[in-house]
1. Does any residue of region 86-108 turn out to be closer than 20 Å to GLN623 by Cβ, among the acidic types (Asp, Glu) and either touching a Phe, Trp or Tyr at 6+ places or on another chain (Cβ under 7 Å) or not in a helix (DSSP H, G or I) (or both)?
2. Give region 583-602 a look and list any residue that's open to solvent by 40 Å² or more (accessible area, probe 1.4 Å) and assigned to a helix (DSSP H, G or I), or say none.
3. Restricting the search to region 603-615, which residues are over 17 Å from ILE100 (Cα atoms) and open to solvent by less than 30 Å² (accessible area, probe 1.4 Å)?
4. Quick one: is ASN133 surrounded by fewer than 15 Cβ atoms within 10 Å (Cβ to Cβ) and under 21 Å from the mean Cα position of the chain (by Cα)?
5. Mind telling me which of the residues TYR605, TYR618 ends up being modelled with pLDDT under 80, part of a helix (DSSP H, G or I) and under 30 Å from ALA131 (Cβ atoms)?
6. Here are some conditions: (1) open to solvent by less than 40 Å² (accessible area, probe 1.4 Å); (2) not in a strand (DSSP E or B). ILE23 meets all but one. Which one does it not meet?
7. Return the residue satisfying two criteria in turn: it lies in region 246-283 and is free of Cβ contacts under 8 Å to residues at least 12 places away in the same chain, polar (S, T, N, Q) and in a helix (DSSP H, G or I), and of such residues it is surrounded by the most Cβ atoms within 10 Å (Cβ to Cβ).
8. Which one of GLY423, GLY436 is farther than 24 Å from VAL231 by Cβ and open to solvent by 20 Å² or more (accessible area, probe 1.4 Å)?
Amino acid sequence: MLINIENMHFSYGIHEIFNELNISINERKQIGLVGRNGTGKSTLLKLITGELIPDTGRINKKNGLTIGYLSQESNISENTTLVEMLTDVFTPLIEMEKRIKQIGDAIALSSGEAQDKLMHEFGELQEAFAAQNGYEYPSRIRGVINGLGFKPEDQDKAFSLLSGGEKTRATLGQILLQEPELLLLDEPTNYLDIDALQWLEQYLKNYPGTFMIVSHDRYFIDKVCTTIIEVTQKNIKEYAGNYTQHAIKKRQDMLEQNHQFQQQAKEIKHQQEVIDRFRAYNSIKSSKRASSREKALSKIELIDNVETAHNSHFSFIPRVKSGNDVLTVTDIKKSFGNRLLFQNMNFEIHRGDKIGIIGPNGAGKTTLFRILQGKLAADAGEIRLGQKVHLGYFDQEHQDLKKFYNENLLEALWDVDSKLSEGELRNILAAFLFVGDEVFKPIDTLSGGEKARLLLARLMISQSNFLLMDEPTNHIDMDTKEILENALSQYEGTLLFISHDRYFLNRIANKIYQFSTDGMEIHLGNYDDYLKHKAEASEREAVLAEESKIIVTKTQQKTDRKKLKEEEARIRLLKKKVKEIEEAILNLEQKIEVIEETMCAPDFYDNLSLAAEINLSYEDHKQKLSELTDEWEEALMTLETL
């Protein structure tokens, strides 16, 4: 057991977050932490780290437990470079490596008892360095840098010069390299493109410790988590399995709870009718019996009705139908200074299309959206909107709501259509889970997910029939994602959206546009279809490449026969050389393994003179191996050019 929480209470002022919370976190657990925004997921992580202190109750931790925590804030020094902050993780190993070299140099200049002492320390340090995988740390750093999508030129950038998303990725990389026993990640996927997501999924599948992840990425949680903890009002509920299995079990639980609610409601109604009859008799005996039943009724623990929040169905039908040709983009180009974002951008969008744009972060997808809205001018090319096309924009930063921050939800909708009655607006807001007095909440008090739902409600009653959506599922909770997907899957207008959410892409898109510097690559179908197309294209390219190697005309054979023979002879010699070097490398590696086994023996340092000879031999073999490896790589590179 790593963490055990007992009867914990925690509040922010008068707002209670947890009440009598009990949870245990054991070794080798892969936990997904889900729940609506505001229920306390991030708060729970902060309580575990000690950043927050519970009001009452206990949080017991395993002695010496190491915890790595990725929060939404960072405390990295602004002048530290990316490669420095990742290398800092291995400072003890780097210091050990320096000491090993220092001792090795000193051994060559020493003799007698001093040399014996140095040899003993040298051997112990080498064993410790190998045991801590010291030889692997440079490749681990490179793996994290590449896996999280950093470019070579990013490595020497100061932390202050990285974008917000890059800072989050850099901090994530640092924590992953630390490999704490308990890894706490708060929304680690928000700034990762699809390649980086796939890399992180594979990394976490092989993670040796326990991790707890707060994420709204259902696809991601399905891939890496085997336990789901759902944070509800003031408490939690644990489910075995991944997110999909949790969703099925939760739905079953909800149906059962709703059945119990209905049965209890019937029983309460029946008991109240009996009480009313006793009261109507107006006798001492009947009054006592009525009072007795009322007392029993008051002690019943009421079951909540959970059905309401999960049955929001509504139509998302544009008020104006556009023409069939919605948008035509021809030869659009955009640069900032000497940096080319994209060129040769050509595509057409027709009524009813639901197109998902994918591509790496920073490639210019949001810039393209700004150009399509007329907020930014293209350097070249033409953009043509079709007849009766009314464009609406869903901004993940919620900029459109800032002018309403001192107003409430009803006023934000009346701004779109002043002809709608309060009752009509309340029905629309209820479809997006705003009920009762929530419609009077000031906009500036809404969470990210609530703002996203309000933006959707505004789009629903607007003239828009062509929606641009920039990362619409970022920073919103599971319920809001489900509302969004239900709305857009039935949407009868046209949709163009940027997303890294593979679950969302699969459910909504009927076309995938792969964004690149040289234009759009168009694929029919959803994200799974796109992956299938890419795999098939790779196979075709491999076949064509293989065929191109073997198709040579007779004329070419006659003309190039002499040259081919010379090249073939050279290739044979190089291959022979490569084979000889490989055999020499194998022989050396076997000798090194034998020496390493000898050096690891408990009695190795009993004969210090012999140990010194073996160590010198070991270093000599390692040096020769390095030289042979360089020679082998050079020969291979020469072969590749022929």
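The values are calculated or read from the model by the stated rules, or taken from the named source; none is laboratory data. The structure displayed is predicted, hence computed values, not measured ones. Cβ coordinates were reconstructed from backbone atoms using ideal geometry, including for glycine residues, and neighbour counts include every protein chain displayed. These area figures cover heavy atoms from the full protein model, side chains too; ligands, DNA and RNA do not enter into them. Shrake-Rupley method; radii C 1.70, N 1.55, O 1.52, S 1.80 Å.
1. To start, the set of residues in region 86-108 that are closer than 20 Å to GLN623 by Cβ comprises 97-108.
Right, trim to among the acidic types (Asp, Glu) and you get 97, 105.
Now restrict to residues that are either touching a Phe, Trp or Tyr at 6+ places or on another chain (Cβ under 7 Å) or not in a helix (DSSP H, G or I) (or both): 97.
Looking for residues that are closer than 20 Å to GLN623 by Cβ, among the acidic types (Asp, Glu) and either touching a Phe, Trp or Tyr at 6+ places or on another chain (Cβ under 7 Å) or not in a helix (DSSP H, G or I) (or both), one finds at least one in region 86-108, hence yes.
2. Start the filter on region 583-602 by keeping residues that are open to solvent by 40 Å² or more (accessible area, probe 1.4 Å), which leaves 583, 586-587, 589-591, 593-594, 596-598, 600, 602.
The answer is GLU583, LEU586, ASN587, GLU589, GLN590, LYS591, GLU593, VAL594, GLU596, GLU597, THR598.
3. PHE604
4. Working: surrounded by fewer than 15 Cβ atoms within 10 Å (Cβ to Cβ): yes; under 21 Å from the mean Cα position of the chain (by Cα): no.
No: the conditions fail for ASN133.
5. Numbers: TYR618 fails: modelled with pLDDT under 80.
Result: TYR605 is the single residue among TYR605, TYR618 that is modelled with pLDDT under 80, part of a helix (DSSP H, G or I) and under 30 Å from ALA131 (Cβ atoms).
6. The single condition ILE23 does not satisfy is (2).
7. GLN262
8. Working: GLY436 fails: farther than 24 Å from VAL231 by Cβ.
None of the others qualify; the one that does is GLY423.
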